[in-house]
Structures are given as C-alpha cells and as structure tokens.
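The values are calculated or read from the model by the stated rules, or taken from the named source; none is laboratory data. Computed from a predicted structure; not experimentally measured. Please note: Cβ atoms are built from the backbone with ideal geometry, for glycine as well, and neighbour counts cover all protein chains shown. Note: areas computed on protein heavy atoms with side chains; ligands, DNA, RNA excluded. Shrake-Rupley method; radii C 1.70, N 1.55, O 1.52, S 1.80 Å.
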Amino acid sequence: MSTYTSQLVPIATNHPYFGDGIPILPIADIHNHHLDIVIIEKHNLIKFLYLFSKLLINGLHMQSKQFHYFESSEIDVKTQKTEYGQLDGEKLNKRKFHLKFKVDNFNLLQ
C-alpha cells in the first residue's frame with residue numbers, strides 16, 4: 001500500500017488517452033482486462049507544468065518520480081480527508097471518497 005502526502009491527481013483508465021487525445025498512459029491496453037491507475041504528485045505548479053510538458057512533447061512523463069502507475073483487475077481508492085472531485089467533467093462537492101473500480105464485460109450482441 002502506498003501513501004502520498006502532496007496533492008494528487010489520480011486517474012483510473014483502461015485506455016491510453018484522455019480528454020482531447022492526451023496520451024496520459026501510452027502503455028494502457030483496452031484488451032488486457034486490467035484497469036490502470038495513474039497518480040501524479042502535484043508538489044507545485046512549476047513541477048506540474050514541467051511534467052505536463054513532458055507528457056505533450058515526448059511521453060517521458062512516465063519516467064518522473066512524480067508519476068506513479070499501477071495495474072490491477074480491481075482498484076479500491078479511499079481518501080482520508082475531504083477532497084474536490086469530478087466525474088465525466090462534472091464538478092463534485094468537497095467530500096471524502098471511497099471508489100471501487102472493477103473490470104467486467106458483457107456481450108452486447110446477445
């Protein structure tokens with residue numbers, strides 16, 4: 001289990017891109033039946049902007065000490081203090097979060 005003390009930007013995904021095609025996790029594979037979680041430590045604005053520029057320019061953001069990557073079929077995330085959040089671009093009120101992500105699939109053609 002990992003504990004982080006700086007501000008965090010967590011992202012759970014099974015796809016390499018988010019937003020307008022930003023390659024947050026180029027190694028993600030939608031076919032491997034795993035979830036990928038990226039945690040970016042946001043120590044200060046300068047370091048965050050530097051890391052973001054590496055993401056846009058050459059993908060070396062994944063080599064940074066601020067970038068953490070985990071892969072699993074199930075991810076459980078709990079916050080110890082109240083945090084702001086967003087879901088599909090919609091802002092959520094400040095609160096504690098307990099989020100569970102799990103890989104599942106079903107056949108739409110049945």
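Which condition from (1) modelled with pLDDT of 80 or more; (2) within 18 Å of residue 16 (Cα to Cα); (3) polar (S, T, N, Q) is the one that residue 79 breaks?
Looking at each condition in turn, residue 79 falls short on (2).
Within the stretch 44-72, take every residue that is touching a Leu at 6+ places or on another chain (Cβ under 8 Å) and not hydroxyl-bearing (Ser, Thr, Tyr) and give me the one that is nearest to residue 14 (Cα to Cα). It would help to see each step written out before you state the result.
Of the residues in the stretch 44-72, the ones touching a Leu at 6+ places or on another chain (Cβ under 8 Å) are 54, 61-62, 64, 66-67, 69, 71-72.
If we keep only those that are not hydroxyl-bearing (Ser, Thr, Tyr) too, we end up with 54, 61-62, 66-67, 71.
Details: 54: 21, 61: 18, 62: 16, 66: 20, 67: 17, 71: 9 Å.
Across the stretch 44-72, the extreme among qualifying residues is 71.
For the stretch 1-20, which positions are closer than 19 Å to residue 46 by Cβ, open to solvent by less than 70 Å² (accessible area, probe 1.4 Å) and modelled with pLDDT of 65 or more?
9
Run down 58, 93, 44, 105 and say which single residue is at pLDDT 80 or above, more than 14 Å from the chain's Cα centre (by Cα) and not aromatic (Phe, Trp, Tyr). Don't jump to the end; show me each part of the working.
Details: 58 fails: at pLDDT 80 or above; 44 fails: at pLDDT 80 or above; 105 fails: at pLDDT 80 or above.
Criteria check complete, one pass: 93.
I'm trying to understand the selection: among the residues of the stretch 47-68, which are open to solvent by 70 Å² or more (accessible area, probe 1.4 Å), aromatic (Phe, Trp, Tyr) and in contact (Cβ under 8 Å) with a residue 24 or more places away in the chain? Step through it out loud before you land on a result.
Start the filter on the stretch 47-68 by keeping residues that are open to solvent by 70 Å² or more (accessible area, probe 1.4 Å), which leaves 47, 49-50, 52, 56-58, 60, 63, 65.
The next check asks that each one be aromatic (Phe, Trp, Tyr); those that pass are 50, 52.
Correct list: empty.
Can you tell me which residue within the stretch 28-41, out of those that are at pLDDT 80 or above and of a type in the set (D, E, K, R), is surrounded by the most Cβ atoms within 10 Å (Cβ to Cβ)?
36
Search the stretch 69-85 for residues being assigned to a strand (DSSP E or B) and over 20 Å from residue 34 (Cα atoms), and hand back the single one that is least open to solvent (accessible area, probe 1.4 Å).
First pass over the stretch 69-85, keeping only residues assigned to a strand (DSSP E or B): 69-72, 74-78, 83-85.
Now narrow it down to the ones that are over 20 Å from residue 34 (Cα atoms): 83-85.
Working: 83: 69, 84: 169, 85: 22 Å².
It comes out as 85.
State which residue is surrounded by the most Cβ atoms within 10 Å (Cβ to Cβ) when the search covers only the stretch 86-105 and only residues that are without any contact (Cβ under 8 Å) to a residue 40 or more places away in the chain and part of a loop (DSSP other than H, G, I, E, B).
For the stretch 86-105, the residue satisfying everything is 97.
Considering the stretch 22-55 alone, what residues qualify as being of a type outside the set (Gly, Ala, Ser) and part of a helix (DSSP H, G or I)?
Initially, the stretch 22-55 is screened for residues of a type outside the set (Gly, Ala, Ser), giving 22-27, 29-52, 54-55.
Hits for the stretch 22-55 are 45, 46, 47, 48, 49, 50, 51, 52, 54, 55.
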